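J.: The structure under discussion is supplied below as structure tokens; questions concerning it will follow.
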Amino acid sequence: MKYIILAVILAVVSVSLAQSNQQPQSQSSQLLVAVKMDYSKPQNIEIVMARANAGDAYYQGLLALYYYRGYLVKEDKALAEKWAKLSADKGHPFGLYCFGAIYVKQSDISEKYFKQSIDGMTSLARAGDAEAQYNLGACYANGAGITKDLTRAMEWLQKAVEQGLAGAQFKLGLCYYKGEGIAKDLTKAVELYRKAAEQGHAEAQERLKELNAAK
């Protein structure tokens with residue numbers, strides 16, 4: 001399976017108060033603009049690591065994403081957290097997004113960062129990135145860094161499901177099973193569990209075992 005295609009071009013707006021009467025823009029308004037980049041294209045991981053170690057916030061966020069996804073390096077959630085936090089602590093929008101996306105389920109950790117990164121996540125989701133769509137759906141579902149909105153949560157989860165993201169399939173299946181934000185439908189729930197399980201999603205596989213045992 002191909003790696004999810006993703007690239008992020010950071011658009012930082014510089015505001016000069018001496019030349020205008022506008023107020024400086026907040027970090028949350030420094031939108032991340034998503035474009036497509038082929039993850040199969042060779043990358044120089046040594047350069048990425050060197051720039052991250054030198055303190056470049058963008059490359060720290062990028063390295064965090066690599067460790068999180070297991071791209072060019074061995075998957076390592078602890079190192080993903082380390083580099084994402086270093087970038088996020090500098091207030092870098094990409095770092096904020098990465099840290100929030102990686103720890104979307106840990107509201108006690110992500111809340112500080114999500115309020116500043118939600119615009120970037122939305123930009124990525126609108127550009128078609130499946131993981132961003134899933135994470136944004138989870139944000140709306142959990143009220144993490146954004147007002148809770150189950151209708152929007154279902155819309156973004158569905159978009160991620162349509163792209164075949166296992167985590168989103170399981171999450172939406174769970175919503176159908178519980179009737180949260182959407183009409184309860186056990187048939188659709190099982191169908192989504194099965195799709196996620198076929199991709200190796202452990203929770204979906206366990207859920208199917210439990211349902212089969214209960215028959």
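J.: Find the centroid of the Cα atoms in segment 49-101 and in segment 174-206, then give the distance between the two in whole Å.
T.: 31
J.: Also, quick follow-up: For segment 171-180, what does the Karplus curve 6.51 cos²θ - 1.76 cosθ + 1.60, with θ = phi - 60°, yield as ³J(HN,Hα) per residue in whole Hz, taken in order and with x for Gly and Pro?
T.: These are the phi-based 3J(HN,Hα) values: 4, 5, x, 5, 5, 5, 5, 8, x, 9 Hz.
J.: Expected output is a single nm value to one decimal: the length gained when fully extending between Ala78 and Glu206, i.e. 0.36 nm times separation in residues minus the C-alpha distance. What is it?
T.: Length gained between Ala78 and Glu206: 43.6 nm.
J.: At R0 = 41 Å, how high is the FRET efficiency between Lys184 and Ala50 if r is their beta carbon distance? Nearest 0.05 is fine.
T.: That pair, Lys184 with Ala50, gives E of 0.20.
J.: When you count, for each residue, the other Cβ atoms within 10 Å and take the mean per peptide, how do 129-142, 47-60, 166-179, 199-212 rank with the highest first?
T.: Most protected by this proxy first, the peptides run 129-142, 166-179, 47-60, 199-212.
J.: Can I ask one more? Give me the one-decimal Kirkwood hydrodynamic radius in Å for segment 115-215, with the sum taken over alpha-carbon pairs.
T.: Result for segment 115-215, one decimal place: 13.6 Å.
J.: All other residues with a Cβ under 15 Å from the Cβ of Ala54 taken together, and with Lys, Arg as +1 and Asp, Glu as -1, what is their net charge?
T.: Taking every Cβ under 15 Å from that of Ala54, the sum is 0.
Every number here is computed from the coordinates shown, using simple stated rules; none is lab data. Predicted, not measured: the structure shown is a model, and the values here were computed from it. Every residue, glycine as well, gets a Cβ built from its backbone with ideal geometry; the counts of neighbours run over all protein chains shown.
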